[in-house]
Amino acid sequence: MDITYRLEQKRKVLGDFPGPKSLELAARRATSVAKGVASSVPVYVADADGGVIHDVDGNSFIDFGSGIAVTTVGASDAAVVGAVKEQVEHFTHTCFMVSPYEGYVAVAEKLNQLTPGEHEKRTVLFNSGAEAVENAVKIARVATGRNAVVAFDHAYHGRTNLTMGLTAKAMPYKHGFGPFAGEIYRAPMSYPFREENPQITGKEAAERAILMIQKQIGADQVAAIIIEPIQGEGGFIVPADGFLPRIAEFAKENGIVFIADEVQSGFCRTGEWFAVQHEGVVPDLITTAKGIAGGMPLSAVTGRAELLDAVHGGGLGGTYGGNPVACAAALAAIETMDTQDLRGRAREIEGIVKDRLGKLREELGADSIIGDIRGRGGMLAIEFVKKGSGATTKQPDGEATKKIAEYCLKEGVIILTCGTYGNVIRLLPPLVIGDELLADGLDVLEAAIRANS
Ligand SMILES: *Cc1c(COP(=O)(O)O)cnc(C)c1O
């Protein structure tokens, strides 16, 4: 990595926060912004670059969240900023469905080239991850003439009506928002840390899901199986080796469209361009968003030409889909990922973090609150359990998890939690974070875990 940062890469907390300016904004927000939108931290942002976020009161936080895996190249990558400036000076929007432009085509070419598989591909662009997922399902239904869609336990696919239906967790994502779209079925996931039979292989876990699909739906009724190769909101669950390849193979044998939802795991996050590549899986369709455009809103469905081209003209689209400014940002962000070798950097980060956390777990002993350390690249997690239950009942400890995140924030480190049981801390630093800042953030996290052990 060879990066010149605009902001000093240092953690700095000036006593108590939120400071006066953040408090003032919070008061304005309370009477203007819908309560349903929650924020993880109480401070308001003034600037962000590399691995730091500065608030309006002069505090500098270490960013271990990347705005939920979005700012992989940092929140103000020079190449992205330059490309955005250049594009906005010419045109901000024309609507690709009205008068097309090169940026959209160039992003499609890039995605067709970067995604796994040598087959002929097509891409269609949208704005959000949920929109990409919805459209992947639409494409699969038209291409197969079938209706049923299979998602998995602990899945997260978005907050629109169809994607809420695909998402597993009721509170807060679905509670009270029904009725949901029909023909959605949920299959058992491979969750190595919480398997009743810890010996179960990935292939056996896949057969368990396949049996459910065959018996409860019928394989010939299924349009698509959608899965996050590493589950995000559900707890950074990495399925056992062999699970994804067997599910993909079953889909192929039965004319089912295999959709990899790489909205969170894509674009170098796990140490490969896409997480399915760790197991050599080639999806029929792949949905991307989050890390794709250095913070600008953009999402995509990329996949087999015959599937995407099965949809009638005008069947796919949207006013803003593939906005020219977002496309310019995406091309620049992908360029930065390449020139800075952010795949390699993600693997380095994995090494550094797992080494530190592994040592800590060893020191704290087998009955500590650290139940599991998992993930790939810069998509890493710790699952916390009640002290002493790690070897037996593995009781989730959401309380300790919350306290650890609060401790970190107080010390100037922004850390996100996730998981069906709210007991997982996820680490998603910008991949351009420097070693020193990363180490400082991990020092804080380690102290937080000790304080709650
Ligand atoms: C965040 C996420 C989505 C939804 O993306 P939005 O841009 O918030 O609509 C879908 N799938 C996965 C795996 C995600 O992590």
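The values are calculated or read from the model by the stated rules, or taken from the named source; none is laboratory data. Model, not experiment: these values are computed from the prediction. Because the Cβ atoms are built from the backbone with ideal geometry, glycine has one as well, and the counts that use them run over all protein chains shown. Keep in mind that these areas ignore ligands, DNA and RNA; they rest on the heavy atoms of the full protein, side chains included. Shrake-Rupley method; radii C 1.70, N 1.55, O 1.52, S 1.80 Å.
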*With a ≥ b ≥ c the root eigenvalues of the C-alpha gyration tensor of the chain, is it rounded (a/c under 1.5), prolate (a/b larger than b/c) or oblate?*
oblate
*Using Cα pairs under 8 angstrom and six or more residues apart, how large is the relative contact order of the chain, in percent?*
22
_Rolling a 1.4 angstrom probe over the protein chains, ignoring ligands and nucleic acids, what is the accessible area of K203 in square angstrom, nearest 10?_
110
*Could you state the number of Å between the C-alpha centres of the stretch 271-285 and the stretch 73-100?*
28
*Using a 1.4 Å probe, what is the accessible area per residue for the chain, in Å²?*
42
*Residue-wise HN-Hα coupling along the stretch 5-14, computed from phi with Karplus coefficients 6.51, -1.76, 1.60 (Hz; x: Gly, Pro)*: 8, 7, 9, 4, 8, 9, 7, 8, 10, 9
*Roughly how many Å² of Y320 are accessible to a 1.4 Å probe, to the nearest 10?*
140
*asked:* Solvent-accessible area of I414, probe 1.4 Å, all protein chains present, reported in Å² to the nearest ten, please.
replied: 20
*In Hz, Karplus ³J(HN,Hα) per residue of the stretch 187-202 (6.51, -1.76, 1.60; θ = phi - 60°; x = Gly, Pro)*: 9, x, 8, 8, 9, x, 5, 10, 5, 4, 9, x, 7, 4, 8, x
*Looking at the square roots a ≥ b ≥ c of the eigenvalues of the Cα gyration tensor of the stretch 172-280, which shape do they give, rounded for a/c under 1.5, prolate if a/b is larger than b/c, or oblate?*
rounded
*the stretch 286-341 versus the stretch 240-257: alpha-carbon centroid distance in Å*: 25
*asked:* In whole percent, and with a 1.4 Å probe on the protein chains, what portion of the accessible area of the chain is carbon and sulfur?
replied: 51
*Determine the alpha carbon to alpha carbon distance for each of K252/K386; K174/K386; K110/K410 and list only those over 30 Å.*
K252/K386; K110/K410
*Solvent-accessible ranking of E118, E86, largest area first, probe 1.4 Å*: E118, E86
*Step through the residues of the stretch 250-263 one at a time and calculate ³J(HN,Hα) from phi using the Karplus curve (6.51 cos²θ - 1.76 cosθ + 1.60, θ = phi - 60°), rounding each to whole Hz and writing x for Gly and Pro.*
4, 4, 4, 4, 10, x, 9, 6, 8, 9, 8, 8, 9, 4
*For the stretch 81-339, what is the charge dipole size about the Cα centre, in debye to the nearest 20, if Lys and Arg each add +1 at the Cβ and Asp and Glu each add -1 at the Cβ?*
660
*At 222 nm, what helix-only mean residue ellipticity would the chain give, in deg cm²/dmol to the nearest 500, using -39500 (n - 2.57) for each DSSP H run of four or more?*
-11000 deg cm²/dmol
*How do 215-222, 177-184 rank on mean C-beta neighbours within 10 Å, highest first?*
215-222, 177-184
